[in-house]
1. Residue check: is residue 63 part of a strand (DSSP E or B) and over 16 Å from residue 123 (Cα atoms)?
2. Can you list residue pairs whose Cβ atoms sit under 8 Å apart, with the first residue in the range 254-267 being free of Cβ contacts under 8 Å to residues at least 40 places away in the same chain and the second being part of a helix (DSSP H, G or I) and of a type in the set (A, V, I, L, M)? Count only pairs 6 or more apart in sequence or on different chains.
3. Which members of the range 66-86 meet the condition of being touching a strand residue (DSSP E or B) at 6+ places or on another chain (Cβ under 8 Å), exposed (fewer than 13 other Cβ atoms within 10 Å of the Cβ) and assigned to a loop (DSSP other than H, G, I, E, B)?
4. Can you find, within the range 194-221, the residue that is modelled with the highest pLDDT among those that are of a type in the set (A, V, I, L, M, F, W, C) and within 18 Å of residue 54 (Cα to Cα)?
5. Kindly establish whether residue 35 is among the polar types (S, T, N, Q) and modelled with pLDDT of 90 or more.
6. Taking the stated definitions as given, is residue 51 part of a loop (DSSP other than H, G, I, E, B) and among the charged types (D, E, K, R)?
Amino acid sequence: MRVSFRDRDPLMMGIVGMSSVALLVFGAFNLTIFQGGTVYHAAFTEASGLKPNEEVRIAGVKVGKVRSVKLEGDHVRVAFSAGSHVRFGTQSQVRIKISTLLGAHYLEVQPRGDRRQSPHTEIPTSRTAPSYEVVPALQDLSGQLQKIDVPQLAKALDTLDQTLKYSPDNVRRTLSGLRKISHAISSRDDELSSLLGHTRSLTGLLADRSGDLAQLVSGGGLLLQELNDRRQVITSLLSGTVSLSNQITGAIEENRATLNPAMRQLHRVLDILRRNQGNIDKSLKTLGPFVTVSADATAQGRWFDGYLQNLIPLPVAIGPAQPPIDDHRSGSGKRAPSGTTTPGTGRG
């Protein structure tokens, strides 16, 4: 008898659904397929600067990466992953090695043993080894060498040579060589001290700037990667440019018979313009005021302003009246013209 979906117990269905979701989440976080390979654990006496996401190599080939570096009690627990196809035995050695002088590391696995290493069994410190730090070693070396009393060392070697002067030839030759070495070291003591001091400064500077140098190298790698990614685009651009130039060249070759007469005519026009350059300049200067006045007259809207002079004739004499002619002085007996006003008379 089939039970309808509506008749089932909602509480039981909720419990079953939540349990299924919890199992799926647990499997997603624990299955190796979601972790990019099998996860192993190894114990080290010290971390030696190892960091997460650094490479795991076997015979120089990258097979995984470091997952985590944690302190557990008196040792360091390193979790690293390797591809599902990678196999190494229960006697395998795991070492932390330096990949660059800037402080980058990688985890090297040396496969040994017949039986396969179990992911659930931690690799003990007896089968692991930390790295040899170059920068601290050079700093310690320069510090220790500066503490050596070079003259006292040379004197001790000389005394040893005199004491064993009658020893066999092999011993005497060895001591003679040691004496020469001591004298060479003593004569170059200042230079060696200066060299070691500069070496310590250099190693300290590299250690302080390791982050900047690593970032610079990483930026250069990103730039090269971007250029590599854009290589196809750059190749297409260059190919398109070559194709365009070929098309232009072909078009010119095909239309050479038409273009040559047109170019000759263009040269003739340019020669004419060059010969009449003075006249053209004079015309442009003469045209300038006319264009200015025309623009002022037509720039007011849908009409234009104009001014016409002497359209209506004006009286001949407009202005102050002429003074009367003195009859007694001139003797001509002439009178002032009619229509003018004689001063003092008030008549026209």
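The values are calculated or read from the model by the stated rules, or taken from the named source; none is laboratory data. Because the structure is a prediction, the values reported are computed rather than measured. A quick note on method: Cβ atoms are made from the backbone with ideal geometry, for glycine too, and the neighbour counts reach across all protein chains shown.
1. Details: part of a strand (DSSP E or B): yes; over 16 Å from residue 123 (Cα atoms): yes.
For residue 63, the condition - part of a strand (DSSP E or B) and over 16 Å from residue 123 (Cα atoms) - is met.
2. 259/252
3. 84
4. Keep residues of the range 194-221 that are of a type in the set (A, V, I, L, M, F, W, C), which gives 195-196, 202, 205-207, 213-214, 216-217.
Checking the rest, the ones that are also within 18 Å of residue 54 (Cα to Cα) come to 213-214, 216-217.
Details: 213: 74, 214: 73, 216: 80, 217: 77.
Checking each candidate, the answer is 216.
5. Numbers: among the polar types (S, T, N, Q): yes; modelled with pLDDT of 90 or more: no.
No; evaluated as a whole, the condition is false for this residue.
6. Numbers: part of a loop (DSSP other than H, G, I, E, B): yes; among the charged types (D, E, K, R): yes.
When the stated conditions are applied, residue 51 passes them.
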